[in-house]
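S.K.: Here it is, the structure, as structure tokens.
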Amino acid sequence: MDFMETKHAKMLDFFHHLSVVDPRNLATHVSTWAEVSEPLHMPPELRDEWETYATMDPVKAKSVQDVEAFWHAQDTPLALHIQQLLDVPTASDAVECSFSKAGVLDTKQRTSTRPQLRKACIMLFCNGDVAGRFSHS
């Protein structure tokens, strides 16, 4: 498996496990610490808190209407970690635009370009002046 395939597999694993942060899914998804800590990048100090969450009363879990509101109402280190995971956009116009731009660079005319160089060009083309966008000057 090359780097991109490995990265893609890790992303799919992450999103698969992310569904367990919705309390309504606790009864049907694997939610043990051993299963979720690595894919969801949870530090060891969150283990006890996670295990308390994973054994939440099923009636209370099923009554959650808004997952983001549920986690924002919590004032715990686990809630802060989950909020950061939920704040990652899964799609946006910028992402769609990046895929479109990447397609311009990955054409049949560029088949002689080494794959690593092509991937680097796509990354640079899509991200542009990252340092300039995030500077505060």
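The values are calculated or read from the model by the stated rules, or taken from the named source; none is laboratory data. Every value quoted in this text rests on a predicted model; they were computed, and no experiment measured them. In this analysis, Cβ positions are derived from the backbone assuming ideal geometry, glycine residues included, and neighbour counts consider all displayed protein chains. Areas reflect the complete protein model, heavy atoms only, side chains present, ligands, DNA and RNA absent. Shrake-Rupley method; radii C 1.70, N 1.55, O 1.52, S 1.80 Å.
S.K.: With a 1.4 Å probe and all protein chains in place, put Trp71, Trp33 in order of accessible area, largest first.
M.R.: Reading off the accessible areas and sorting them downward yields Trp33, Trp71.
S.K.: What is the sum of charges around Ala27, taking Lys and Arg as +1, Asp and Glu as -1, for the other residues whose C-beta is under 13 Å from the C-beta of Ala27?
M.R.: Around Ala27, the charge tally is +1.
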